[in-house]
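The values are calculated or read from the model by the stated rules, or taken from the named source; none is laboratory data. Owing to the predicted nature of the structure, the values given are computational and were not obtained by experimental measurement. Reconstructed Cβ throughout: ideal geometry from the backbone, glycine too, with neighbour counts over all protein chains shown.
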């Protein structure tokens, strides 16, 4: 319809039969990679738009939700999900919204819904935005010609190209504000409390807001958020993505990962970035033909609340759900400040994950001198972990710690750490006997 073509004409362009075009339009045949590539090549078509409006994010995102252990005994396969989407797309979308609301905490509050919408859009792209990455890499190479000090080069570029002077101001002046743009004075004002890596990152965000505005606008429009708060949060994520890509340009960063065995502390020093910046960047390495190890990342506080979750290409349930399993080692990083804690863990579905974590304390004090504390967790499927320095001395096929996706989603028998029962299971009568488990599932 966009190109004014009949089915016969389209079939001729794509070297397929008109009847096959009809079957595609009726969702009776899958769109093969070959035909998709011909569409992109011969009609200048962006294949990503095919997934933009799919109910529930399409079959892949629906399959991720159905992979929850709660539905394991139902045995729902991908073919059934595809049929569901084709036959009852609104029902599938309703299920997805209800599931996502429960997954965000169940409260149904606006903040939770907003965060879920943004996270779902980021996952749709698997947290890899090729256009932003390419632009940041090009600008990074231009900045290298100016000198080795990236912060100084960004400041010079903002001044010479955009008439914005970077100025550091006392924390007493800016208060709780770390970065502020004063268009009247043509100043980017940064708090003196920012460390060098954070100062560079904030300056890079501002550069992205002016030089990558076209790419950010296109992505924000494509997300089609109805909620203005969700769009603002998504734009903030994209600007931060650009900043990280500028500080850690894709090709150079991937080479450094390969050379160092993904040693995060080496990468921190080489790219003058924080542990959290590097951890987030590791989840984005999915360039076609030059992908890195598929990591996921989480950030939790001492109460076990998740403030960041990026599944990336890993599709790990540990990043898709707010997994508060007491046996998972990520929260233990709080007890060992500054030290990397590693663990080989196995979920109920048999998938095995090598996870590492380190604590992080914010350098910025809020009211009453309170500083935010987080544990930054990274994980990779055991099948992909051989390339990591953190896998040395670990038998990836050997014993692993059995963990779950939180007690309400976990059906492991006789878990000594169990706090509550799954929502669809009852407890056994424990009057006559007591096992190691505080709560025993009926049938254990």
Can you find a residue in region 309-318 that is in contact with a helix residue (DSSP H, G or I) (Cβ under 9 Å, 6 or more places away or on another chain), under 21 Å from residue 437 (Cα atoms) and in a loop (DSSP other than H, G, I, E, B)?
no
Among residues of region 330-341 being outside any loop (DSSP other than H, G, I, E, B) and touching a residue at least 24 places away in the same chain (Cβ under 8 Å), the residue surrounded by the most Cβ atoms within 10 Å (Cβ to Cβ) is 330
Residue 26 vs (1) modelled with pLDDT of 75 or more; (2) within 35 Å of the chain's Cα centre (by Cα): all pass except (1)
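Counting only residues that are without any contact (Cβ under 8 Å) to a residue 60 or more places away in the chain and in contact with a helix residue (DSSP H, G or I) (Cβ under 9 Å, 6 or more places away or on another chain), which one in region 195-213 is nearest to residue 162 (Cα to Cα)?
Keep residues of region 195-213 that are without any contact (Cβ under 8 Å) to a residue 60 or more places away in the chain, which gives 199, 202-206, 209-210, 213.
Imposing the further condition that a residue be in contact with a helix residue (DSSP H, G or I) (Cβ under 9 Å, 6 or more places away or on another chain) reduces the set to 199, 202-206, 209-210.
On the way: 199: 19, 202: 16, 203: 13, 204: 13, 205: 14, 206: 11, 209: 11, 210: 8 Å.
Of everything passing the filter in region 195-213, 210 is nearest to residue 162 (Cα to Cα).
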Within region 156-171, residues in a loop (DSSP other than H, G, I, E, B) and surrounded by 15 or more Cβ atoms within 10 Å (Cβ to Cβ) come out as 164
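Take residue 402 and decide whether it is within 23 Å of residue 72 (Cα to Cα), touching a strand residue (DSSP E or B) at 6+ places or on another chain (Cβ under 8 Å) and at pLDDT below 85. Spell out the reasoning first.
On the way: within 23 Å of residue 72 (Cα to Cα): yes; touching a strand residue (DSSP E or B) at 6+ places or on another chain (Cβ under 8 Å): yes; at pLDDT below 85: no.
Answer is no for this residue.
Okay, residues lined up against (1) in contact (Cβ under 8 Å) with a residue 60 or more places away in the chain; (2) farther than 29 Å from residue 205 by Cβ; (3) under 21 Å from the mean Cα position of the chain (by Cα):
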site	(1), (2), (3)
257	no, no, yes
275	yes, no, yes
324	yes, yes, yes
358	yes, no, yes
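Looking at 344, 327, which is the one that is in contact with a strand residue (DSSP E or B) (Cβ under 8 Å, 6 or more places away or on another chain), part of a strand (DSSP E or B) and not assigned by TED's automatic domain parsing to the domain that holds residue 67? Break it down into steps so the answer makes sense when it comes.
Numbers: 327 fails: part of a strand (DSSP E or B).
Going through 344, 327 in turn, the sole match is 344.
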Selection over region 373-399 where residues are surrounded by fewer than 20 Cβ atoms within 10 Å (Cβ to Cβ) and either more than 23 Å from residue 292 (Cα to Cα) or outside the structural domain of residue 336 (by TED's automatic domain parsing) (or both) yields a count of 3
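Considering only region 39-54, how many residues are assigned to a helix (DSSP H, G or I) and either modelled with pLDDT of 75 or more or exposed (fewer than 13 other Cβ atoms within 10 Å of the Cβ) (or both)?
Within region 39-54, the first condition is being assigned to a helix (DSSP H, G or I), and the residues that meet it are 39-42, 49-52.
Now restrict to residues that are either modelled with pLDDT of 75 or more or exposed (fewer than 13 other Cβ atoms within 10 Å of the Cβ) (or both): 39-42, 49.
Total satisfying the criteria: 5.
Which ones in region 348-378 are outside any strand (DSSP E or B) and more than 13 Å from residue 301 (Cβ to Cβ)? Give the steps one after another, and end with the answer.
Step one: of region 348-378, the residues outside any strand (DSSP E or B) are 348-351, 366-370.
Passing the criteria: 348, 349, 350, 351, 366, 367, 368, 369.
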Picked from region 108-148 (must be out of contact with any helix residue (DSSP H, G or I) (no Cβ under 7 Å at 6 or more places or on another chain) and not in a helix (DSSP H, G or I)), the residue modelled with the lowest pLDDT is 109
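Take residue 180 and decide whether it is touching a strand residue (DSSP E or B) at 6+ places or on another chain (Cβ under 7 Å), assigned to a helix (DSSP H, G or I), free of Cβ contacts under 8 Å to residues at least 24 places away in the same chain and surrounded by 12 or more Cβ atoms within 10 Å (Cβ to Cβ). Walk me through how you get there before you give the answer.
Details: touching a strand residue (DSSP E or B) at 6+ places or on another chain (Cβ under 7 Å): yes; assigned to a helix (DSSP H, G or I): no; free of Cβ contacts under 8 Å to residues at least 24 places away in the same chain: yes; surrounded by 12 or more Cβ atoms within 10 Å (Cβ to Cβ): yes.
Here the answer is no, as residue 180 does not meet what is asked.
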Note on region 331-358: residues within 23 Å of residue 420 (Cα to Cα) and either modelled with pLDDT under 95 or touching a helix residue (DSSP H, G or I) at 6+ places or on another chain (Cβ under 6 Å) (or both) are 331, 332, 347, 348, 349, 350
